[in-house]
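Student: Here's a structure for you.
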Amino acid sequence: MRGLTFEEVFSMLAAVKLSGVDLARLRAWIASIAHPAECIALIEQAAAGRACPHCGCVRKHRCGQASGMQRFRCLGCRRSHNALTATPLARLRKKECWLPYLQCILESRTVRDAARTVGVDRTTSFRWRHRFVPGAMRERPTMLAAIVEVDETYRLESQKGSRSLTRRPRKRGGVAKRRGINREHDCLLVARDRNGQTLDFHTGRGQVTAAQLRHCLAPVLAAAVLLISDGAVAYRHFAAAIGVTHEWVNVKAGERSRGAIHIQNVNSWHSRFKSWLVRFRGVASRYLINYSGWQRMLDARRLTTPALLLCAAVQLGRGSD
């Protein structure tokens, strides 16, 4: 039986009176179609003018193609590379599925849901999530200025997916053995200024310390900043050590604000993050910073299309593959 040509299908569609629902389905289907050449063109455009990832030399010449991508040979170290070398996306296959998968990232779909939508295995979906998201989430502010709110949130440590647990297993949604914040909890530190610039740090287990605050926050706070926190002693010691103006809110006593002195913006971010995280049904501790970076990326609303997300992963992801 002869298949229909595109012209015949197009003529049939043009003759049909489509409803609003039909048009929406057709647009969604067209948006999900991607050709490998489209993805490769975006990658090479984003990496245009990039220096050699091996030695940093800018002098290079074309050296054939592989997997549909242009390769270059560096005139300094004589090693070859392409636009994805030394990025988190290096050696990943099925480039025709990348843009539809990135749309799933923007829609915060689960691993299995994204795998079904794109047509890849769930293990591939998981691998792609932890390559694309870390690459793009490195687009983060370098400095926080003016009024900066800082607070930490804690989650019970999780070794989900690990083949060798360092403790006795517990059921999902279990509780810590001891009351309060202790070494069984992961600390996620979030700093946010009143312009909406946000930075997140996974400081490890247990309550945050002044030394951890200095390591994370000292390089990113402007000199004339006003730092606002809760009443934890570590924040006072940290602020005194680096010489920034510090105000604190006695949350334990029920104080919420003193005029402009509050931490409601950063606590609101915590609330959105925890509500968003529920859909994933548990996150391993080693991936917690990836998920907070994912939420920070979505919250910033700068990378709003698959193409922008892909370009950010190529341009900013310079980690090892």
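Student: What whole-number value in Å² describes the accessible area per residue of the stretch 177-295 for a 1.4 Å probe?
Tutor: Here the residues of the stretch 177-295 average 50 Å² of exposed surface.
Student: In what sequence, largest accessible area first, do Leu288, Leu13 appear using a 1.4 Å probe?
Tutor: My answer, sorted largest first, is Leu13, Leu288.
Student: Can you compute 3J(HN,Hα) from phi for each residue in the stretch 281-288, using the Karplus curve 6.51 cos²θ - 1.76 cosθ + 1.60 with θ = phi - 60°, rounded to whole Hz and x for Gly and Pro?
Tutor: Couplings: 6, x, 10, 5, 4, 5, 10, 4 Hz.
Student: If amide H atoms are built 1.01 Å from N in the plane of the peptide, which residues on other chains or at least 5 residues away come under 5 Å of the amide H of Asp193?
Tutor: Answer set, sorted by chain and number: Glu149.
Student: Ok, one more. Where a Cα-Cα gap under 18 Å defines reach, which aspartates and glutamates qualify for Lys95, not counting those fewer than 8 residues away within the same chain?
Tutor: Candidates past the 8-residue exclusion: Glu38, Glu44, Asp121, Asp321.
Student: Of Cys52, Gln159, Trp128, which is farthest towards the positive pole of the stretch 39-198's charge dipole, taken about the Cα centre with +1 and -1 on the beta-carbons of Lys, Arg and Asp, Glu respectively?
Tutor: Positive-end residue among those listed: Gln159.
Student: Additional query: Report, by chain and number, residues whose modeled amide H sits under 5 Å from the one on Cys63, excluding near sequence neighbours (fewer than 5 apart, same chain).
Tutor: Arg71, Phe72, Arg73
Student: As an exercise, use a Förster radius of 45 Å and the Cβ-Cβ distance of Cys55 and Leu165 to find the FRET efficiency, rounded to the nearest 0.05. Please report the intermediate quantities before stating the final value.
Tutor: Numbers: r = 42 Å, r/R0 = 0.94.
Given R0 = 45 Å and the Cβ-Cβ separation, E is 0.60.
Student: Select one label from (1) 1.05; (2) 1.21; (3) 0.92: the one whose number is Cα Rg over 2.2 N^0.38 Å as derived from the coordinates shown.
Tutor: (2)
Student: Which angle from 0 to 90°, rounded to the nearest 10, does the C-alpha axis of helix 122-137 make with the longest principal axis of the chain?
Tutor: Here the helix axis deviates by roughly 60 degrees.
Student: So for the pair Phe10, Glu184, with labels modelled 7 Å out along Cα→Cβ, what separation do we get in nm?
Tutor: Each label point is offset 7 Å from its Cα along the Cβ direction, giving 6.4 nm.
Student: Hey, another quick one. Antiparallel as a % of all DSSP beta bridges within the chain, to the nearest 5?
Tutor: 75 percent
Student: HN-Hα J couplings of the stretch 86-97 from phi, Karplus 6.51/-1.76/1.60, θ = phi - 60°, integer Hz, Gly and Pro as x?
Tutor: Along the stretch 86-97, the couplings run 6, 10, x, 8, 4, 6, 7, 10, 6, 4, 5, 9 Hz.
Student: To continue, here is another question. What ³J(HN,Hα) values, in whole Hz, does the Karplus curve 6.51 cos²θ - 1.76 cosθ + 1.60 give for the stretch 248-255 when θ = phi - 60°, with x put for Gly and Pro?
Tutor: 9, 10, 7, 5, 4, 8, x, 6
Student: If you don't mind, another one. Which FRET efficiency, nearest 0.05, do Ser80 and Phe280 yield, Cβ-Cβ r, R0 25 Å?
Tutor: Details: r = 39 Å, r/R0 = 1.55.
FRET efficiency, Ser80 to Phe280: 0.05.
Student: For the stretch 99-245, give the share of DSSP beta bridges that are antiparallel, in percent and rounded to the nearest 5; count only bridges with both residues there.
Tutor: Taking every DSSP beta bridge with both residues in the stretch 99-245, the antiparallel ones total about 75 percent.
Student: Let me ask something additional. Work out the charge dipole of the chain with +1 on the Cβ of Lys and Arg and -1 on the Cβ of Asp and Glu about the Cα centre, then indicate which of Thr5, Ala239, Asn82 is farthest towards its positive end.
Tutor: Asn82
Student: His215 to Asp113: extension gain in nm, 0.36 nm per residue of separation minus the Cα-Cα distance?
Tutor: 32.9 nm
Student: Okay, moving on. Could you give the dipole magnitude of the stretch 217-321 about its Cα centre, charging the beta-carbon of Lys and Arg +1 and that of Asp and Glu -1, in debye to the nearest 20?
Tutor: Once rounded to the nearest 20, the dipole reads 320 debye.
Student: Cut-off under 20 Å on the C-alpha distance; same-chain residues fewer than 8 positions from Lys274 excluded. Which lysines are left, in chain and number order?
Tutor: Once the sequence-local lysines are set aside, what remains near Lys274 is Lys160, Lys171.
Student: Give me the percent of accessible area attributable to carbon and sulfur for the chain, probe 1.4 angstrom.
Tutor: Summing carbon and sulfur atoms, their accessible area is 53 percent of the total for the chain.
Student: Any idea what the dipole of the stretch 150-280 comes to, in debye rounded to 20, about its Cα centre with Lys/Arg Cβ at +1 and Asp/Glu Cβ at -1?
Tutor: Dipole of the stretch 150-280, to the nearest 20 debye: 1000 debye.
The values are calculated or read from the model by the stated rules, or taken from the named source; none is laboratory data. The structure displayed is predicted, hence computed values, not measured ones. Because the Cβ atoms are built from the backbone with ideal geometry, glycine has one as well, and the counts that use them run over all protein chains shown. Heads up: the accessible areas ignore ligands, DNA and RNA and are worked out on the full protein's heavy atoms, side chains in. Shrake-Rupley method; radii C 1.70, N 1.55, O 1.52, S 1.80 Å.
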